[in-house]
Amino acid sequence: MDSKRKRYNVTVEGNGQIRKNVIIAYDPEGMFLIVRKLYGHLLTDDTGKNTGTISFQETELG
């Protein structure tokens, strides 16, 4: 396992909104957990259907 953290420039689009953020995580799975926690309300519609998109660019820290 690579123990270096990475910087993820993340764009979340959903429910007519666009949010851009920088997330620091060890791997893409960790980044997705953080994004879901912060922006889960943008990724699903009123019926619970997945409607949003997440795009990201990964770079090394340091």
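Could you please give the count of residues in region 18-54 that are without any contact (Cβ under 8 Å) to a residue 12 or more places away in the chain and of a type in the set (A, V, I, L, M)?
3
Please work out which residue is surrounded by the most Cβ atoms within 10 Å (Cβ to Cβ), limiting yourself to region 1-18 and to residues that are at pLDDT below 95 and in contact with a helix residue (DSSP H, G or I) (Cβ under 7 Å, 6 or more places away or on another chain).
Among those residues, the one meeting the criterion is G14.
Looking at I24, I34, can you tell me which residue is in a strand (DSSP E or B) and either under 27 Å from S3 (Cα atoms) or not small (G, A, S) (or both)?
Of I24, I34, the one residue that is in a strand (DSSP E or B) and either under 27 Å from S3 (Cα atoms) or not small (G, A, S) (or both) is I24.
Would you check if N15 is at positive phi and either touching a residue at least 12 places away in the same chain (Cβ under 8 Å) or within 8 Å of the chain's Cα centre (by Cα) (or both)?
Numbers: at positive phi: yes; either touching a residue at least 12 places away in the same chain (Cβ under 8 Å) or within 8 Å of the chain's Cα centre (by Cα) (or both): yes.
Yes, satisfied.
For residues that are surrounded by 14 or more Cβ atoms within 10 Å (Cβ to Cβ) and touching a Phe, Trp or Tyr at 6+ places or on another chain (Cβ under 8 Å), scanning just region 37-57, find the one that is nearest to R5 (Cα to Cα).
F56
Within region 27-54, which residues are at pLDDT 95 or above and aromatic (F, W, Y)?
F32, the sole residue that qualifies.
The values are calculated or read from the model by the stated rules, or taken from the named source; none is laboratory data. Since the model is a prediction, treat every value here as computed from it, not as a measurement. Methodologically, a virtual Cβ is constructed for each residue, glycine included, from the backbone with ideal geometry; neighbour enumeration extends over all protein chains shown.
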